[in-house]
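Let me begin by presenting the structure, written as structure tokens, before commenting on it.
What follows is calculated from the coordinates using simple rules that are stated; it is not laboratory data. This structure is a prediction, so every number in the text was calculated from the model and none was measured. Quick reminder, even Gly has a Cβ in these numbers, built from the backbone with ideal geometry, and neighbours come from all protein chains shown.
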Amino acid sequence: MTSLGSYLHRHPRLRLAGLLSAPLLWLVVAYLGALAVLLVSAFWTVNGFTGGVVRRFSLQNFRTLLAEEVYRAVTLRSIGVAAAVTVLCVVLAVPMAFFMAKVASARARHALVIAILTPLWASYLVKAYAWRILLANGGPIDTLLGGPGHGPGYGLPATVIVLSYLWLPYMILPIYAGLERLPDSLLEASADLGARAGRTFRAVVLPMLVPSIFAGSIFTFSLSLGDYIAVQIVGGKTQLIGNLVYANIGAANNLPFAAAIATVPVVIMVIYLFAVRRSGALEEL
Amino acid sequence: MTLSGPARWALRLFMVAGLTFIYVPLLLVLVNSFNGDRTFAWPPHDLTTRWWSAAWENEGARQALITSIRAGLGATVFALVLGTMVAFAVQRFAFFGRDTISLLVVLPIALPGIVTGIALDSAWRSVMGDLGIGKGLFSVVVGHATFCVVTVYNNVLARLRRTGTNLEDASADLGASPSQTFRYVTFPLIRSALLAGGLLAFALSFDEIIVTTFTAGPGVTTLPIWIFNNLFRPNQAPVVNVVAAVLIVFSVLPVWLAQRLAGPEAGASRT
């Protein structure tokens with residue numbers, strides 16, 4: 001053992017190879033490989049009679065995806081939902097994080113961080129389920145708003161609310177971390193130079209928070225884009241990209257077409273990740 | 001910046017409203033688990049503990065819990081090993097493509113779960129299926145570990161960055177062999193980061209439903225899958241609610257543990 005250890009110690013390249021081989025085998029060969037196969041299979045088709053996969057290059061799936069109204073509508077709706085959820089989370093998270101980092105006392109801050117963290121560990125399904133009860137016809141929200149049918153009920157607005165609810169802590173935490181790193185002296189300097197609170201916020205705080213907000217948005221955006229569970233629980237008949245992918249694997253048994261639909265969120269997310277990487281958002285995760 | 005009194009109060013009110021928004025749904029589940037009415041008539045008029053005993057005796061829920069724990073432990077072990085290896089490689093060596101590694105590690109969690117799910121599913125069927133290894137609990141572990149690596153990686157990487165190599169160099173100068181240095185110096189330094197990362201990995205796995213749906217073999221039912229399967233069955237609703245309430249109560253545990261073990265900043269990132 002010791003001799004092997006010292007041998008490795010004298011050969012750093014070998015050590016590096018040893019450290020990287022297993023993870024890369026897993027992440028590059030297995031995971032990226034699987035993704036690549038999925039991407040390739042998006043160009044295959046399914047034989048209408050036998051149901052077997054025809055492994056020949058064809059743009060058929062993408063043509064259908066672009067040509068049919070329903071797919072365009074669902075894609076746009078999904079992007080819209082993801083964007084709405086992200087915006088809603090930012091709007092809720094920034095004041096909360098700001099209060100936590102800059103207004104609350106040190107003790108309260110610690111308690112608040114725990115209060116925000118704890119629900120993250122509660123099950124995703126449990127939270128979606130809680131909203132199913134809250135939003136039920138004649139449920140608590142309806143009762144609060146004046147009787148059955150007065151609340152939003154199940155549907156697209158409910159989906160946006162519930163997804164925002166689910167991902168809100170993922171937005172609060174990076175913004176809080178960003179604000180905590182922001183030295184108070186900068187804020188004081190801005191005040192000394194005559195800026196009011198609003199101006200300081202716009203000109204000093206917000207620009208420095210951009211990487212943190214992007215980091216949070218990776219979660220809110222991506223998680224919303226791929227979701228098909230919450231929307232089944234509270235979305236009524238609403239369909240998102242995830243539902244289409246799921247339906248094409250399950251009921252329709254058309255893996256190539258499912259893969260073609262799945263490339264849509266992947267392409268969007270990869271572009272998004274590369275775009276926000278420049279701002280240093282990945283370091284904030 | 002000097003905030004005016006009203007501005008401070010507005011922020012405070014906003015915080016209270018935000019916390020209410022976060023906690024009311026969870027409290028509702030807790031209260032409902034004692035709601036005597038099967039359809040959760042609101043407000044509840046009689047309280048009962050019979051759903052709790054019904055849930056305790058529910059064999060399906062209990063089996064699902066055990067499956068979830070096994071999958072979570074398996075995924076955590078893989079994630080700990082792989083995540084630590086990548087973190088050491090990235091922090092201690094300079095090599096071609098180092099900058100893309102962080103992107104690669106984040107990718108499984110950044111891409112929509114359904115994409116990871118179907119990619120792993122079809123790959124498993126075409127590669128492992130040919131080898132005669134069908135989907136089962138192990139494929140769930142593999143799927144979960146893929147997106148759990150990032151939690152360990154991030155925690156260990158941050159720790160390695162902060163501690164530097166001085167202590168290890170000192171250990172080597174004092175004549176310790178590399179394995180002694182690892183045992184007595186490096187490992188104690190990263191232990192709490194491993195715990196925090198491992199805890200996060202377990203929680204991510206325990207909560208995962210989408211990737212599980214696609215990687216689970218027939219008969220492998222994790223707790224989220226069990227909940228989802230029973231969610232739309234009206235006569236199972238009270239039992240599902242109790243399981244949900246239990247999960248809410250237990251979600252306090254890892255936060256408490258992380259605080260105890262690794263200080264307030266541990267668990268601050270769930271990525």
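Multiply the residue separation of residue B:73 and residue B:130 by 0.36 nm, subtract the distance between their alpha-carbon atoms, and state the gained length in nm to one decimal.
Full-extension gain reported as 17.8 nm.
How large is log10 of I(q)/I(0) for the stretch A:212-285 at q = 0.16, 0.19, 0.27 Å⁻¹ when the intensity is taken from the Debye formula with one equal scatterer per alpha-carbon?
Ignoring solvent entirely, the Cα scatterers give -0.65, -0.81, -1.13.
Quick one: compute the contact order of chain A, relative version, from alpha carbon pairs under 8 angstrom and 6+ residues apart, as a percent.
Result for chain A is 24 percent.
What number, rounded to the nearest 500 deg cm²/dmol, is the helix-based mean residue ellipticity at 222 nm of chain B, given -39500 (n - 2.57) per DSSP H run of at least four residues and division by all its residues?
Result for chain B: -23500 deg cm²/dmol, rounded to the nearest 500.
Size of chain B along its principal axes in angstrom, Cα-based, largest extent first?
Sorted largest first, the three principal extents are 72, 68, 31 Å.
At 18 angstrom or more along the helix axis (alpha-carbon based) and mean Kyte-Doolittle of -1.0 or higher, what helices does chain B contain? Whole DSSP H runs only.
What comes out of the filter, once short or polar helices are dropped, is B:5-32, B:59-92, B:98-110, B:137-163, B:187-207, B:237-250.
Given a Förster distance of 30 angstrom, what is the FRET efficiency for residue B:45 paired with residue A:69, based on the Cβ-Cβ distance and rounded to 0.05?
0.05
Mind listing the Cα extents of the stretch A:178-240 along all three principal axes, in Å, largest one first?
Cα spread of the stretch A:178-240 along its principal axes, largest to smallest: 55, 19, 13 Å.
How big is the gap, in Å, between the Cα center of the stretch A:82-107 and the Cα center of the stretch A:134-156?
Here the two parts' Cα centres lie 27 Å apart.
What is the log10 of I(q)/I(0) for the stretch A:1-80, computed with the Debye formula using one identical point scatterer on each Cα and no solvent, at q = 0.17 Å⁻¹?
-0.86
Which helices, counted as full DSSP H runs in chain A, have an axial Cα extent of no less than 15 Å and a Kyte-Doolittle average of 0.5 or above?
The qualifying helices are A:12-24, A:69-98, A:106-121, A:124-135, A:156-181, A:206-226, A:255-277.
Percent of Cα-Cα pairs per 5 Å bin, from 0 to the last occupied bin, for the stretch B:123-257, please list those.
Each 5 Å bin holds this share of Cα pairs: 2, 9, 13, 13, 14, 13, 10, 10, 7, 5, 3, 1, 1, 0.
Given a cut-off of 17 Å, what percent of all Cα-Cα pairs of the stretch B:112-153 lie beyond it?
I get 32 percent for the Cα pairs in the stretch B:112-153 exceeding 17 Å.
Distance between Cα centroids, the stretch B:77-145 to the stretch A:1-70: provide it in whole Å.
First find each Cα centre; the distance between them is then 10 Å.
Could you calculate, for the protein assembly as shown, the ratio of the Cα radius of gyration to the Kirkwood radius, expressed as Rg to Rh?
Checking Rg against Rh, the ratio lands at 0.98.
Starting at 0 and stepping by 10 Å, how many percent of the alpha carbon pairs of chain A end up in each bin?
6, 20, 25, 23, 17, 8, 2, 0
Determine the shielding of peptide B:221-233 by partner chains: average, over its residues, the number of Cβ atoms on other chains within 10 angstrom of each Cβ.
2
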